[in-house]
Amino acid sequence: MIRTKASGGLHDDCISSVGQGGDMSSDSTLYTIGTALNRARDNQIPVQILVGGEWISGEVVAVDGFGVVLSSEEQEHAVIRIEAVHAVKIGSRAPIRTPITAAAMPMPGPRMAYD
């Protein structure tokens, strides 16, 4: 596993919810550490996980509600409790939601039941 301290420029490029223009995004989707780890696993994207003040690098091979398994190129793996994870850095762009087009129509409401 590659481990580096959390001080010094590594935390400068963390993903933020503030847009480039300084606008906060208001979105109903909850993007959690578990969601980020699952997306990284599904897309085979390397991650860095902040645990106990150190960044641990690897590829997510398994994740559930209790822990995550990271594998490294050095034929090692680490099992980390989800509660111990303070941050996740993913080597890809942040997911962007596709806006609903103006032509979208709401679903019809419930209909009255007839006897």
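Bear in mind that the values in this text are calculations on the coordinates, not laboratory data. Worth saying up front: this structure is predicted, and the values here are computed from it rather than measured. Quick reminder, even Gly has a Cβ in these numbers, built from the backbone with ideal geometry, and neighbours come from all protein chains shown.
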- Message: As a test of understanding, state the convex hull volume per residue of the stretch 31-115 from its alpha carbons, in Å³.
- Response: 167 Å³
- Could you give the length gained on full extension between Ala94 and Arg111, defined as 0.36 nm per residue of separation minus the Cα-Cα distance, in nm? 2.1 nm
- Query: Using the Karplus equation 6.51 cos²θ - 1.76 cosθ + 1.60 (θ = phi - 60°), what ³J(HN,Hα) coupling, rounded to whole Hz, does each residue of the stretch 45-57 give in order, writing x for Gly and Pro?
  - Reply: 9, x, 10, 10, 10, 8, 10, x, x, 10, 8, 10, 9
- Would you mind putting 41-54, 81-94 in packing order, based on average other-beta-carbon counts within 10 Å, highest first? 41-54, 81-94
